[in-house]
Amino acid sequence: MSESIILGIESSCDDTSAAIIRDNKILSNIAANQEIHNEYGGVVPELASRAHQQNIIPVVEKAFSKANIQQNDICAIGFTRGPGLLGSLLVGTSFAKSLAMSLDVPLIEVNHLQAHILAHFIEDANPTPPTFPFLCLTVSGGHTMIVLIKDYFDMEIIGKTIDDAAGEAFDKIGKIFDLDYPAGPIVDRLAKEGNPDAFKFNKPRMEGYDYSFSGIKTSVLYFIQKEVRKNPDFIKDNLNDLCASVQKSIIEILMDKLEKASTDLNVKDVAIAGGVSANSSLRKAMEDNREKLGWNIFIPKFEYTTDNAAMIAMVAKLKYERGEFTDIRTTATAKYDL
Ligand code: KG4
Ligand code: ZN
């Protein structure tokens with residue numbers, strides 16, 4: 001097939017991102033993060049859509065200039081159709097549709113969750129890409145699931161959270177510790193200076209490969225309320241140890257089920273994806289299993305972990321090769337199954 005140059009657009013939550021891919025190589029991957037949400041302790045949907053409106057044109061222009069590509073050189077536009085916040089998705093979707101019409105190139109819809117997983121096929125994502133079938137622990141602020149990937153577009157969710165996502169647990173527990181949103185990366189940083197065995201929190205007992213994170217959040221909340229009554233400075237005095245202990249519990253919960261799935265299904269190619277895959281303790285646990293359990297591990301580069309358009313462009317490229325195009329009348333969708 002002749003060379004393909006594709007623009008990818010991502011706007012499902014609070015990052016506006018655009019990327020250009022040539023074959024499997026990312027030429028540019030630009031993101032504008034919306035700091036406006038930090039003071040609210042979570043993403044405010046209305047503010048997110050407005051910020052996408054402001055950011056989308058400069059971000060796309062920057063993606064073209066960094067890649068040194070002219071608009072007329074692209075052969076398709078990929079965009080996140082869902083899942084995500086509807087108002088946010090609408091900005092990227094409408095922009096992608098308009099540009100596709102004006103450049104007269106095909107439009108390609110992308111499932112955000114598939115994109116987190118298929119980011120592993122970006123040229124510089126791994127020394128060698130995973131081989132099918134492989135398992136992928138997909139962990140973000142909105143999703144936590146173990147997916148069996150049988151082929152690029154043949155994926156089966158074998159376990160998922162029944163309540164909070166792992167990223168949400170990091171963020172909500174961080175909020176109890178009075179940390180800014182998103183707390184996940186802050187907890188990760190503070191945990192490096194703390195003792196992971198300082199405090200113990202209850203772990204859920206779940207059947208099969210499903211997860212639950214609301215229990216640990218409640219257990220941390222009650223523990224903190226009790227301790228703060230005795231010592232109002234308890235959080236401040238123990239912040240690093242609290243972060244290290246919470247992180248240890250969350251990562252153990254995630255890894256227990258992933259290890260069980262790998263053993264039961266006898267699948268040794270194991271990947272992680274999504275925002276929480278940036279977590280240093282999760283990365284270390286994966287590395288340990290390379291030795292301990294003989295896994296071939298696939299850990300995304302940092303720039304491909306949190307929301308980014310490179311992964312959207314990658315999926316668009318795979319669909320472009322298959323001739324899978326999207327009707328211009330398509331609409332964004334908040335829910336979108338794998
Ligand atoms: O994939 P993502 O950027 O957006 C969603 O699709 O949700 O994931 C964002 C989530 C947030 O909950 C954030 O706290 C978490 O990923 N996160 C982390 C780390 N970096 C991002 N959680 C733990 N440790 C990190 N280093
Ligand atoms: Zn995401």
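Scanning region 1-17 for residues that are more than 16 Å from ligand 1 (Cβ to nearest atom) and among the hydrophobic types (A, V, I, L, M, F, W, C), we see that the one that is nearest to S88 (Cα to Cα) is L7.
Inside region 316-338, residues that are under 16 Å from A100 (Cβ atoms) and not in a loop (DSSP other than H, G, I, E, B) make up a count of 5.
Can you spot a residue in region 137-148 that is over 30 Å from S214 (Cβ atoms) and out of contact with any helix residue (DSSP H, G or I) (no Cβ under 7 Å at 6 or more places or on another chain)? Among the residues of region 137-148, not one is over 30 Å from S214 (Cβ atoms) and out of contact with any helix residue (DSSP H, G or I) (no Cβ under 7 Å at 6 or more places or on another chain), which makes the answer no. A single member of T306, T263, T331 is hydroxyl-bearing (S, T, Y) and farther than 30 Å from V60 by Cβ, and it is T263.
Of all positions in region 148-157, none carries a residue that is within 15 Å of ligand 1 (Cβ to nearest atom) and not in a loop (DSSP other than H, G, I, E, B).
In region 170-195, the residues that are among the small types (G, A, S) reach residues that are near ligand 1 (Cβ under 9 Å from one of its atoms) and not in a helix (DSSP H, G or I) with C-beta atoms within less than 6 angstrom, at least six apart or across chains, in these pairs: G174/A183. Do we have any residue at all in region 100-119 that's assigned to a loop (DSSP other than H, G, I, E, B), within 16 Å of ligand 1 (Cβ to nearest atom) and under 13 Å from the mean Cα position of the chain (by Cα)? No, region 100-119 contains no residue that is assigned to a loop (DSSP other than H, G, I, E, B), within 16 Å of ligand 1 (Cβ to nearest atom) and under 13 Å from the mean Cα position of the chain (by Cα). Scanning region 265-279 for residues that are surrounded by fewer than 23 Cβ atoms within 10 Å (Cβ to Cβ) and within 15 Å of the chain's Cα centre (by Cα) turns up at least one hit. Kindly indicate whether D178 is more than 16 Å from ligand 2 (Cβ to nearest atom), out of contact with any helix residue (DSSP H, G or I) (no Cβ under 6 Å at 6 or more places or on another chain), within 30 Å of N266 (Cβ to Cβ) and charged (D, E, K, R). No, not satisfied.
We did not get these values from a lab; they are worked out from the coordinates using the rules stated. Model, not experiment: these values are computed from the prediction. As a convention, Cβ positions derive from the backbone with ideal geometry for all residues, glycine included, and neighbour counts pool all protein chains shown.
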